[in-house]
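*Asks:* Supplied in structure tokens, the structure appears directly below.
The values are calculated or read from the model by the stated rules, or taken from the named source; none is laboratory data. Everything numeric here is computed off the predicted structure, so don't read it as measured data. Here the Cβ positions follow ideal geometry from the backbone for every residue, glycine too, while neighbour counts run over all protein chains shown. Side chains included, ligands, DNA and RNA excluded: accessible areas come from the protein's heavy atoms. Shrake-Rupley method; radii C 1.70, N 1.55, O 1.52, S 1.80 Å.
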Amino acid sequence: MARLSVNINKIALIRNSRKGNLPDLVKAAKDCEAFGAEGITVHPRPDERHVRYSDIPALKQVVATEFNIEGNPTEAFLELVLKYKPTQCTLVPDAPDVLTSDQGWDTIGQKALLTDVVARLQEKGIRVSIFVDAEERHVEGAKAVGADRIEFYTGNYAAMFPKNPSLAVDAHTRCARLANEIGIGINAGHDLNLDNLRYYNEQVEGLLEVSIGHALITDALYFGLQNTIQMYLRQLR
Ligand code: PXP
């Protein structure tokens with residue numbers, strides 16, 4: 001059964017729009033878990049417009065489910081992750097000024113870098129997931145660099161879903177089959193929402209975890225955080 005990891009970046013974004021600590025990110029993480037979240041994801045970007053590097057120690061102390069830190073493995077990022085040892089680190093090839101992650105790794109062209117980073121993280125007992133587009137060569141590439149999991153970039157799936165769900169998910173279904181065959185775990189994320197999540201979960205065999213932020217926090221404005229998390233969980237059951 002796929003686990004729901006709630007990405008709390010957007011909660012930090014609201015906090016950062018004023019001085020002070022409202023909403024309280026650490027409380028929000030604990031509450032998400034109390035409301036049913038099976039993991040907490042953060043993506044501290046270099047400009048710290050969402051979660052800040054300085055948020056990580058307190059979050060690490062309170063997160064009782066699975067703590068997932070995402071990001072581009074710069075030395076500063078790696079230092080942070082190696083120090084605070086989350087359950088999982090998701091490597092994402094996003095440029096410093098990107099609005100949001102919008103593509104996966106070139107696991108073949110970046111093989112040397114990824115092999116080194118994966119080994120450094122695993123040495124500390126951190127599970128490593130590599131963000132990839134749903135392309136067979138990049139699934140194989142992620143396995144070749146020693147990653148434990150892949151995270152499929154689902155932005156393209158979400159964009160095509162309203163018009164043609166089966167075409168939208170086709171590459172993900174095929175790549176998931178390959179991932180299961182070669183023995184690498186499957187996560188997914190980006191633009192997943194209450195409309196497209198159930199179908200994705202049904203079609204992608206062996207899906208272990210989804211991380212969802214933008215749509216979930218938006219839905220929480222209307223339904224409340226507790227109801228919203230329960231609604232997302234129901235899509236996965
Ligand atoms: N996965 C990765 C690698 C991401 O960068 C993001 C966005 O921070 C997500 C998942 C979650 O995407 P969304 O906010 O669209 O749910």
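*Asks:* For segment 158-200 and segment 52-89, what is the separation of their Cα centres, given in Å?
*Replies:* 26
*Asks:* With a point put 7 Å past each Cα toward its Cβ, work out how far Y199 is from L178 in nm, to one decimal.
*Replies:* Going by the 7 Å Cα→Cβ label model, 2.3 nm.
*Asks:* If you don't mind, another one. Could you look at segment 100-197 and say what percent of its accessible area is carbon and sulfur, using a 1.4 Å probe and all protein chains?
*Replies:* On segment 100-197, the fraction of accessible area on carbon and sulfur atoms equals 47 percent.
*Asks:* Does the chain come out rounded, prolate or oblate, given a ≥ b ≥ c as the square roots of the eigenvalues of its C-alpha gyration tensor, rounded meaning a/c under 1.5 and, failing that, prolate meaning a/b above b/c?
*Replies:* In terms of gyration-tensor shape, oblate.
*Asks:* While we're looking at this one, here's another question. Would you mind telling me the share, in percent, of accessible area of segment 1-44 contributed by carbon and sulfur at probe 1.4 angstrom?
*Replies:* Numbers: 1130 of 1990 Å².
Answer for segment 1-44: carbon and sulfur cover 57 percent of the accessible area.
*Asks:* Right, another one. Taking the Cα centre of segment 1-56 as origin and charging only Cβ (+1 Lys, Arg; -1 Asp, Glu), how large is the dipole, in debye to the nearest 20?
*Replies:* That gives a dipole near 220 debye.
*Asks:* Considering Cα pairs under 8 angstrom that are at least six residues apart, work out the relative contact order of the chain and quote it in whole percent. Please report the intermediate quantities before stating the final value.
*Replies:* Working: 449 pairs, mean separation 47.7, N = 237.
Dividing the mean separation by the residue count of the chain yields 20 percent.
*Asks:* Of K83/K111; K10/K83; K30/K85; K85/K111; K10/K124; K10/K111, which pairs sit farther than 26 Å apart, going by alpha carbon to alpha carbon?
*Replies:* K10/K124; K10/K111
*Asks:* If you don't mind, there's one more thing I want to ask. Taking only protein heavy atoms and a 1.4 Å probe, what accessible area per residue, in Å², does segment 1-145 have with all protein chains in place? Can you show the working numbers first?
*Replies:* Details: 6610 Å² over 145 residues.
That works out to 46 Å² per residue.
*Asks:* How high is the relative contact order of segment 88-155? Use alpha-carbon pairs under 8 Å, at least six apart in sequence, and give a whole percent.
*Replies:* About 38 percent, as a whole number.
*Asks:* Then there's this: Which value, in debye to the nearest 20, describes the size of the charge dipole of the chain about its Cα centre when Lys and Arg Cβ atoms bear +1, Asp and Glu Cβ atoms bear -1, and nothing else is charged?
*Replies:* Details: 26 positive and 31 negative charges, 138 e Å.
Dipole size: approximately 660 debye.
*Asks:* Here's another thing I want to ask about it. Keeping all protein chains in place, calculate the accessible area per residue for segment 150-230 (probe 1.4 angstrom), answer in Å². The partial results should precede the final answer.
*Replies:* Numbers: 3650 Å² over 81 residues.
The answer is 45 Å² per residue.
*Asks:* Shifting gears a bit: What residue among V210, V92, M160 has its Cα farthest toward the positive end of the dipole of the chain, where the charges are +1 on Lys, Arg and -1 on Asp, Glu, each on the Cβ?
*Replies:* About the Cα centre, the residue reaching furthest to the positive side is V210.
*Asks:* Which shape class applies to segment 83-181: rounded if a/c is under 1.5, otherwise prolate when a/b exceeds b/c and oblate if not, where a ≥ b ≥ c are the square roots of the Cα gyration tensor eigenvalues?
*Replies:* Values: a/c = 2.05, a/b = 1.57, b/c = 1.30.
The shape class here is prolate.
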